[in-house]
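Colleague: One structure coming up, written as structure tokens, with questions to follow.
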Amino acid sequence: MGSSSVSQLTVVVGDEELLVDRAVAETVAGARAADPQVEVHDLMPSQVTAGTLAEVTSPSLFSDRRVVVLRSVHELTKDIASEVTHHVHNPADDVMLVLTHAGGAKGKALLDAASKAGAKRLNCAKLTKNTERVKFIRDEFSQQGRQITADAAQALLDAVGTDLRELAAACTQLVADTDGRVDENTVAQYHTGKAEASGFTVADRAVEGRLPEALEQLRWSLAVGTAPVLINSALGGAVRGIAVVAQPPPGVADAELAKRAKVPPWKIKTLRQQARGWTPDGLARALRVVAETDALIKGAGRDPNYALERAVLEIASARGRN
């Protein structure tokens, strides 16, 4: 790929979704730094067919360099996993392959094959200890040149909960809206309990295709000061939750689906109702919109409010898309 620091084969292992997404993004960014013209294909299991795989991994006649990201390879069918394994052992020089795997026993043969082929491994295990989450919060501030006290980090964790996306969004909000070291009093000014629920209302209306209500809720949420990053985080959570329940693997219990969707078990019924009318293509489009909006909100765009309005419009219109 034009740089010795860029690995031709990378596996991102773990079930902490935010950390997995960041690891993939950093890997792709490294490839683009080595070759700004590199073409990127980012595929979910439902998008991977034998034809698609052959198309994106075959040697190019025009020497076009590509990064192929295959998400959740533990969910691939046996035949497709076999095709990926063949490519792992017989890579094209102009194709960089990035595989994400939850880290369990399912699909472990493919993970083992990649490891034996010399894959660079990035571990993204779920954070299970309170101390790990507090450290995550403090690191979020440190990476942006700021400090937060240990007590304040714990207070933020108590207020927002353990979801890393919500924690990261809350950290971004505090960094943007405050100066100096963040203490417990500062956190208390912003969070008196669970993170603002209004963003989740926007998300529910958008994925249900109820566009006028979604836009009304969005404008109200922004008017009362809900941070755009929190609203987009809620949109992303809603779309990913529907993706989990829309085409579940056979025999998976609701409790496991709830775990994968990062929702309470009672929410599975709601997600199933919301999933009606959604197609794989529509979900893929909605997921891309969330990712694009995240970048716009965090600096690539000038108007976060406009970016969110566009996201709501596109997510609502993606429902039912073929």
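The values are calculated or read from the model by the stated rules, or taken from the named source; none is laboratory data. In this text the structure is predicted, and so the values were computed from the model without any measurement. Note that each Cβ is placed from the backbone with ideal geometry, even for glycine, and that neighbours are counted across all protein chains shown.
Colleague: Please verify whether the stretch 164-175 includes one or more residues that are surrounded by fewer than 18 Cβ atoms within 10 Å (Cβ to Cβ) and either in the same structural domain as E314 (by TED's automatic domain parsing) or at pLDDT below 90 (or both).
Modeller: Taking the stretch 164-175 as the starting set, the residues that turn out to be surrounded by fewer than 18 Cβ atoms within 10 Å (Cβ to Cβ) are 175.
Adding the requirement that they be either in the same structural domain as E314 (by TED's automatic domain parsing) or at pLDDT below 90 (or both) leaves 175.
Within the stretch 164-175, one or more residues are surrounded by fewer than 18 Cβ atoms within 10 Å (Cβ to Cβ) and either in the same structural domain as E314 (by TED's automatic domain parsing) or at pLDDT below 90 (or both).
Colleague: Restricting to the stretch 240-274, what's the tally of residues that are farther than 18 Å from E17 by Cβ and surrounded by 19 or more Cβ atoms within 10 Å (Cβ to Cβ)?
Modeller: Counting residues in the stretch 240-274 that are farther than 18 Å from E17 by Cβ and surrounded by 19 or more Cβ atoms within 10 Å (Cβ to Cβ) gives 1.
Colleague: Select, from A155, A119, A150, the only residue that is more than 15 Å from R22 (Cα to Cα), among the aliphatic types (A, V, I, L, M) and surrounded by fewer than 18 Cβ atoms within 10 Å (Cβ to Cβ). If you could, list the steps in order and put the result at the bottom.
Modeller: On the way: A155 fails: surrounded by fewer than 18 Cβ atoms within 10 Å (Cβ to Cβ); A119 fails: surrounded by fewer than 18 Cβ atoms within 10 Å (Cβ to Cβ).
That would be A150, the only listed residue that is more than 15 Å from R22 (Cα to Cα), among the aliphatic types (A, V, I, L, M) and surrounded by fewer than 18 Cβ atoms within 10 Å (Cβ to Cβ).
Colleague: A further question on this structure: Quick check, is V244 out of contact with any Asp or Glu (no Cβ under 8 Å at 6 or more places or on another chain) and part of a loop (DSSP other than H, G, I, E, B)? Before you say what the answer is, go through the steps one by one.
Modeller: Working: out of contact with any Asp or Glu (no Cβ under 8 Å at 6 or more places or on another chain): yes; part of a loop (DSSP other than H, G, I, E, B): no.
It is false that V244 is out of contact with any Asp or Glu (no Cβ under 8 Å at 6 or more places or on another chain) and part of a loop (DSSP other than H, G, I, E, B).
Colleague: In this structure, does G51 turn out to be closer than 28 Å to I242 by Cα and either at pLDDT below 90 or surrounded by fewer than 15 Cβ atoms within 10 Å (Cβ to Cβ) (or both)?
Modeller: The answer is yes for G51.
Colleague: Looking at the stretch 181-200, which of its residues are hydroxyl-bearing (S, T, Y), surrounded by 15 or more Cβ atoms within 10 Å (Cβ to Cβ) and either modelled with pLDDT under 80 or not assigned by TED's automatic domain parsing to the domain that holds A168 (or both)? Explain how you work it out, then say what you get.
Modeller: Of the residues in the stretch 181-200, the ones hydroxyl-bearing (S, T, Y) are 186, 190, 192, 198.
Among the residues that remain, those that are also surrounded by 15 or more Cβ atoms within 10 Å (Cβ to Cβ) are: 186, 190, 198.
Matches in the stretch 181-200: Y190, S198.
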